[in-house]
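Please read the structure below before turning to the comments.
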Amino acid sequence: MVQKLRKAMTGAECSAEAMRQINPDVVAAYPITPQTPIMHSFSQFVADGAVETEFITVESEHSAMSACVGASAAGARAMTATSSNGLALMWEVVYIASGTRLPIVMNVVNRALSAPINIHCDHSDSMGCRDSGWIQLYSENGEEAYENTLMAVRIAEHPDVLLPVMVCQDGFITSHSVETVEMLDDETVKGFVREHNPVDPLLDVDHPVTYGPLDLFDYYFEHKKQQMVAMDKSAEIIRQVFDEFGSITGKKYDFFEGYMLEDAEKVIVCCNSSAGTIKAAINELREKGEKVGLLKMRVFRPFNNKQVVEKLKHAKAVAVLERAAGFGSHGSMIFNEIRSAFYEEPQKPGMINYVYGLGGREFDPAQAKKIYEDLEVVKNGELGELTRTIGVRD
């Protein structure tokens, strides 16, 4: 019997609660704002004996991911969390984790990368490692961060995937804000997550394997090809996990999720907490008879080209919002993916790119309404400036 519990929690506490229910074998972490509250909360679970986790307090984020790599290779279920410069510091080992096909789950509390020094939200950290071989899930609120973390374990550990997963939420906006969230009981989560069944663990001495060998031109290319195949295969597994978890929660999870999208002529695409702000603007504009909608991205890697085309092909104008700048690029990261997905399509909406909210700059419903207003011109076939900013002072 599934029990649903309603609690008032921050996004960071939601992630920690998911980790408590997962009860990983090893967690290695180093504090960095605004991720720190996740590990503060989880360390209390460790101190209280609520989990059986070996909690390793390391001297840097590079060491945190290194410890997770070692633990996962040995056969443990390993997890960590980080933000911003911490993710950048572990960059080398982030690639090692995916290249070694280790199903590590990492909560990333999105924060701007320095310089200048900034501790607030944007997506330059996770977008910066979009092609590192990690699956990426994004969370509108604390409840989604909780659910995505639970699903991430099943996705990562599937034998057809065996890739690490990062679960992203917005720093401070989500991680430190209290909302009412709905959670599942411990037994239901335990049944969904299942026992960890490691593939080729180092500690299985009866079946010796090698991890981290020198891999020159004789085999390196083949191993990268295997990663490519696994990432492509993960889309099918993600779909299966979404459907299974949805049968438990009564919700529908998807790579891209629409809000008042069916008849929308003007659509904004975004991810994470801004989706809630845009929904508020949509509600007001819909009362005035405007056909506006939202497409929220939950999964960035693997990128579902076919679904994004299917969900946007009826729109007349689309604005892709990004909390990260694609310096020197013809648009930012998500925009380029979506625009590329429409390349072969005979009919496509006018599409523009907005960079917003860098360094935690506020994004409010008035800005969302201004974007919909701009899309009226785009709808009439006048693209104008392809990449724009909103919310920045002159």
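All of the numbers you see were taken from the coordinates with simple rules; none came from a lab. In this text the structure is predicted, and so the values were computed from the model without any measurement. With ideal geometry, Cβ positions are generated from the backbone for all residues, glycine too; neighbour counts draw on all protein chains shown.
A few comments on the model shown:
- Ellipsoid semi-axes for the stretch 262-318, based on the Cα gyration tensor and the rule √(5λ), read 21, 15, 6 Å when sorted largest first.
- Average projection, convex hull of the Cα set of the stretch 90-148: 4.5 square nanometres.
- Grouping the Cα pair distances of the stretch 256-390 into 10 Å bins from zero gives a pair-distance distribution of 13, 49, 35, 4 percent in increasing distance order.
- Quotient of Cα Rg and 2.2 N^0.38 Å for the stretch 1-132, N being how many residues it contains: 1.05
- Pairwise FRET efficiency - V178 versus F217, Cβ, R0 = 45 Å, nearest 0.05: 0.25
- Sorted largest first, extent of the chain alpha carbons per principal axis (Å): 68, 52, 45
- Two-decimal log10 I(q)/I(0) for the stretch 172-269, as the Debye equation yields it once each C-alpha is a single scatterer, q = 0.17, 0.23 Å⁻¹: -1.13, -1.27
- Amide H contacts of V269 (H built 1.01 Å from N, in plane; Pro and chain starts excluded): L295, A319, V320, L321 sit under 5 Å, all sequence-distant by 5 or more or on other chains.
- Beta-bridge orientation, the chain: approximately 25 percent antiparallel, per DSSP, counting only bridges with both partners inside.
- Relative packing of peptides 290-298, 12-20 - highest average C-beta neighbours within 10 Å first: 12-20, 290-298
- Listed values for the stretch 363-378 are Karplus-derived 3J(HN,Hα) couplings in whole Hz (6.51 cos²θ - 1.76 cosθ + 1.60, θ = phi - 60°), namely 10, 10, x, 4, 5, 4, 5, 5, 5, 4, 4, 4, 5, 4, 5, 4, and x replaces Gly and Pro.
- Per-residue Karplus couplings for the stretch 87-96, computed as 6.51 cos²θ - 1.76 cosθ + 1.60 with θ equal to phi - 60°, are listed in order as 5, 5, 5, 8, 3, 4, 7, 4, 5, 5 Hz, Gly and Pro entered as x.
- Label zone of E373 (point 7 Å out along Cα→Cβ, amide N under 19 Å): in the stretch 272-300 this covers 277-293.
- Among 113-126, 216-229, sorting by the average number of other beta carbon atoms lying within 10 angstrom of each residue, highest first, gives 113-126, 216-229.
- Amide H contacts of G75: L202, each under 5 Å away and 5 or more positions distant or on a separate chain (H built 1.01 Å from N in the peptide plane; Pro and chain starts excluded).
- Residue-averaged [θ]222 nm for the chain, counting only DSSP H segments that reach four residues, each worth -39500 (n - 2.57): -12500 deg cm²/dmol
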